[in-house]
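This report concerns only the one structure given below.
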Amino acid sequence: MKHFKKGEVYTISLAHLFHDIFSSFLAPILPLLIARLGISLSFASFLDIARKIPSLFNPILGLIAQRKDAKYFVILTPSITAIAMGLLSITSSYAVALFLLFIAGISAAFFHIPSPTMIKEFSCDKSGKGMSYFMVGGESARTVGPLLAAGVISIWGLEGIFKLTPIGILASLFLYFKLR
């Protein structure tokens, strides 16, 4: 009989936390981006759309993840999302902002497609318990991320968000050593 692999479940749940912290930065930085880029609210709404468009391709991305070793998507995506959101905080171009948010959206899709499957695999017959930990990681990020962004902005300004990028890279390195 297989057992609940709590170390692996905790690791992927922590990865969910770190990945989604960076994904949740758009809302608190959006007013500052609007001012910096000199865009209307209509154009600002396209920024979030650019981040969500990749989710339309989830079936195709799922096929890609199914044919490849999906754990590497889970390992790489926290750093990709952190880099994209960090660069977003220092960009002065609307087109570059759209591109960076599209990249962050692809990264989010590639994280969220295989990670629940990995949780189920590591949870064995306790998949509900495993998914509970996984969801706590993601939902906690929706609270921690905007608070972290607001705190960093109040200390270092919008550009300070870029200083958080190494956290995402360290999260990917941690995942690499834990999941390889």
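Every number here is computed from the coordinates shown, using simple stated rules; none is lab data. From a predicted model like this one, the values you see are computed outputs, not experimental measurements. Glycine also receives a Cβ, built like all others from the backbone with ideal geometry; neighbour counts cover every protein chain displayed.
Here is how the numbers come out for the structure above:
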item: Additional length obtainable on full extension of the chain from ARG142 to LEU41, 0.36 nm per residue less Cα span; result: 34.1 nm
item: Derived scalar couplings ³J(HN,Hα) [region 129-146; Karplus, 6.51 cos²θ - 1.76 cosθ + 1.60; whole Hz; x for Gly, Pro]; result: 5, x, 5, 4, 4, 4, 5, 4, x, x, 6, 5, 5, 5, 8, 5, x, x
item: Most positive-pole-ward Cα, VAL74, ALA44, LEU88, against dipole of the chain from beta carbon charges; result: VAL74
item: Cα-based reach from LYS126 at 17 Å (exclusive), listing lysines while leaving out same-chain residues under 8 positions away; result: LYS2, LYS5, LYS6
item: On Cα atoms only, tilt of 94-112 relative to the major axis of the chain in degrees; result: 10
item: Helical mean residue ellipticity (222 nm; -39500 (n - 2.57) per DSSP H run of 4+; nearest 500) of the chain; result: -26500 deg cm²/dmol
item: Residues of region 1-22 with amide N under 18 Å of a point placed 7 Å along Cα→Cβ from ASP125; result: 1-6
item: Base-10 log of normalised Debye intensity for region 1-82 (one unit scatterer per alpha-carbon) at q = 0.12, 0.20 Å⁻¹; result: -0.53, -1.05
item: Magnitude of the charge dipole, the chain, Cβ model with Lys/Arg +1 and Asp/Glu -1, debye to 20; result: 480
item: Theoretical gain in end-to-end length, HIS3 to LEU56 [0.36 nm per residue, Cα-Cα removed]; result: 15.6 nm
item: Among [x] 1.04; [y] 1.00; [z] 0.96, the entry that matches Rg/Rh (Cα atoms, Kirkwood Rh) as calculated here; result: [y]
item: Net charge of Cβ neighbours under 11 Å - reference ILE75; Lys, Arg +1; Asp, Glu -1; result: +2
item: Alpha-carbon centroid distance for the pair region 128-165 / region 1-60, whole angstrom; result: 10
item: In nm, spacing of pseudo-spin labels at ASP48 and SER93 (7 Å Cα→C-beta vector); result: 2.6
